[in-house]
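Read through the structure below, which is laid out as C-alpha cells, and then see the notes.
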Amino acid sequence: MTANNDNLPFSKRYGYEPVELPFQVDNINDALRIDLWNSFYLFIHSPLEEYGYGKSQHRRIYQLAWLYFFRKPFDDFPNQDYELADLVRKHIEKGLWYKVYEFFEFVFNHVERSDIYNIEGFIKYVDDTLQINHSGFRLVDKKFIPVTNETEITEIEQVKDSATEFGLFGIQEHLNSALELISKKPKPDLKNVIKESISMVEVISRLIEPTENTLGKALNKLETNQKINPTLKLAFEKLYAYTNGKNGIRHALMENENISIEDARFFLIACSAFTNYLIGKANNEKLLNSV
C-alpha cells in the first residue's frame, strides 16, 4: 500500500514544510485562537451591539474580567466597549495558551444568564471549536479537561524521529498523510486516517519480514521467530481484521459518517505506538541503518 500524498500540499509533500501534529496539548495555534475569539465575539460582545453599549447590566462581565481576571484598577475601566473587546482579543490572540483557557473558564462561570446571552450555545460552540481544531482539551462542566496526553503525542513524535533516523520514508509518508487527513478542514478524512495509520505498521512489518506482503502474514512470522509477544500480535491482528473485513474501513460500503474522531485518533496513536515497537525490534536485530 502506498501513501496517498495527493492529500498533502506541495510544501509538505516534498518536505519544505513539516507536517505538524494536530493535537494541541500544550499550545494553541493561530487558527484555534481566531476561532476562540470569534466565539467570544459572537456570543458575548456582539449582543452588546444589538442591545446598546453602556448598559451596566450588559457590561458586567467586562467589569468582572477587568477587576478579577486582568487585575486592573477600577478607575481605569474604559468608557468605550471597543477598548474592552480589543483587550480580550489581544489576550486570546497573544496570551499564554493556558491563560486563554483560564479566561474562557472565568467567563463561563461569571457571565450572567439573561435575555441577551445564550450561555449554553456559547459553551457548545467553544467545545465544537476545540474538537474541530484538534485541541487536546474538551469542555466538561465548564472546565477544560485533557483528552490527549503527552505520552500519546510522544508516540507520534517518535515515529517521525525514527523514520528520519533510519530513512524509513514509506512510514514517514503514511504518517504525514494521516496527520494531514485528520487535520483536514472543514471535515477530516477519518476513514483514510485509519488506512494510513495501519499502513505504517504494514511497512515496518514488511521490512522485518521482506518475504511477506501482508500484515497478518508478517505478524505470524514475527511470532514464529519470537520477535513479538503473542498476545500483542493477536491484539493487532484483530485491529487489522477490523479495517480489512467485509464491513471494515476499506470496504466500499463503509461511509465516513460511521467513523468518529475518537476512532481515527485511537488508530493513529495505537499504530504509532506499535510501529515504534516494531522499529525497536528491527533495530535490535540489526535490520536498520541510520542515515
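The values are calculated or read from the model by the stated rules, or taken from the named source; none is laboratory data. If you're wondering where the values come from, they're calculated on a predicted model, not measured in any experiment. Cβ placement follows ideal geometry from the backbone for every residue including glycine, while neighbour counts extend to all protein chains displayed.
List of remarks:
- When residues in region 94-140 are screened for being of a type outside the set (Gly, Ala, Ser) and closer than 28 Å to LEU268 by Cβ, 22 of them pass.
- Qualifying residue in region 35-58 (condition: at pLDDT 95 or above, part of a helix (DSSP H, G or I), in the same structural domain as LYS99 (by TED's automatic domain parsing) and among the charged types (D, E, K, R)): yes
- Test: residue in region 123-138 that is over 30 Å from GLU50 (Cα atoms), among the hydroxyl-bearing types (Ser, Thr, Tyr) and assigned by TED's automatic domain parsing to the domain that holds LEU48: yes
- Output for region 119-148, where each listed residue is in contact (Cβ under 8 Å) with a residue 60 or more places away in the chain and in contact with a Gly (Cβ under 8 Å, 6 or more places away or on another chain): PRO146, THR148
- The combined condition, being within 16 Å of PHE267 (Cα to Cα), part of a helix (DSSP H, G or I) and touching an Asp or Glu at 6+ places or on another chain (Cβ under 6 Å), is not fulfilled by LEU175.
- Looking only at region 184-216, and only at residues there that are of a type in the set (Ser, Thr, Tyr) and surrounded by fewer than 18 Cβ atoms within 10 Å (Cβ to Cβ), the one that is farthest from the chain's Cα centre (by Cα): THR211
- Some residue of region 159-172 being surrounded by fewer than 19 Cβ atoms within 10 Å (Cβ to Cβ), in a helix (DSSP H, G or I) and touching a strand residue (DSSP E or B) at 6+ places or on another chain (Cβ under 7 Å): no
- Criterion applied to SER135, SER199 was being among the polar types (S, T, N, Q) and under 22 Å from GLN24 (Cβ atoms), and the one residue passing it is SER135.
Residue by residue, here is whether (1) modelled with pLDDT under 90; (2) among the basic types (Lys, Arg); (3) in contact with a Phe, Trp or Tyr (Cβ under 9 Å, 6 or more places away or on another chain); (4) under 30 Å from ALA218 (Cβ atoms) holds:
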residue: ILE132; (1), (2), (3), (4): yes, no, no, no
residue: PHE144; (1), (2), (3), (4): yes, no, yes, no
residue: THR151; (1), (2), (3), (4): yes, no, no, yes
residue: LYS185; (1), (2), (3), (4): yes, yes, no, no
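- For LEU219: the one exception among (1) under 30 Å from LEU32 (Cα atoms); (2) crowded, with 21+ Cβ neighbours inside 10 Å: (1)
- Residue count, region 105-124 (criterion: under 12 Å from PHE43 (Cα atoms) and part of a helix (DSSP H, G or I)): 8
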